[in-house]
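Written below as structure tokens is the structure these notes are about.
The values are calculated or read from the model by the stated rules, or taken from the named source; none is laboratory data. If you're wondering where the values come from, they're calculated on a predicted model, not measured in any experiment. Neighbour counts are summed over all protein chains in view; Cβ atoms, including those assigned to glycine, are modelled from backbone coordinates with ideal geometry.
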Amino acid sequence: MTQALFGCTLALKVIPNAPRDEVAGWLGETLKVKLHAPALEGRANAALVGFLADHLALPRRAIALAHGAKSRQKFVRIDGLTLTEVRRRLDYQG
């Protein structure tokens, strides 16, 4: 995870085809997220952005996939929140 002036980058491990969408916890500095959406035609990536936007109380446009579009290991760019605030909101929700 890295932090910039007006946002941060979050490392994730995404598990598609899960029974439900949920934060599964932290693996060191990596957030593990389970998504119901399949890893097909970008559906899991779109679901991930929506899931994070809902949990972080941000618009979808504030979250962008930075790396790992076809991998379970992903990095997302989150605008408008510090890394500390992202972690606090996800720990509270998850």
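A few points about this structure:
- The residues on offer are Glu22, Glu41, Glu29, Glu85, and the sole one that is on the phi > 0 side of the Ramachandran plot, out of contact with any helix residue (DSSP H, G or I) (no Cβ under 8 Å at 6 or more places or on another chain) and charged (D, E, K, R) is Glu41.
- Condition check for Phe75: among the aromatic types (Phe, Trp, Tyr), at pLDDT 95 or above, assigned to a helix (DSSP H, G or I) and surrounded by 14 or more Cβ atoms within 10 Å (Cβ to Cβ): no
- Test: residue in the stretch 33-46 that is surrounded by fewer than 17 Cβ atoms within 10 Å (Cβ to Cβ) and under 13 Å from Leu10 (Cα atoms): no
- Looking only at the stretch 25-51, and only at residues there that are part of a loop (DSSP other than H, G, I, E, B) and at pLDDT 95 or above, the one that is farthest from Asp91 (Cα to Cα): Pro38
Every residue, every condition in (1) within 17 Å of Arg72 (Cβ to Cβ); (2) of a type in the set (Lys, Arg), yes or no:
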| site | (1), (2) |
| --- | --- |
| Gly7 | no, no |
| Leu10 | yes, no |
| Val14 | yes, no |
| Glu22 | yes, no |
| Thr30 | yes, no |
| Lys34 | yes, yes |
| Pro38 | yes, no |
| Phe51 | yes, no |
| His55 | no, no |
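- Tabulated pairs, the stretch 13-30, first under 19 Å from Arg87 (Cα atoms), second part of a strand (DSSP E or B) and hydroxyl-bearing (Ser, Thr, Tyr), C-beta under 7 angstrom, 6+ apart or interchain: Lys13/Thr30
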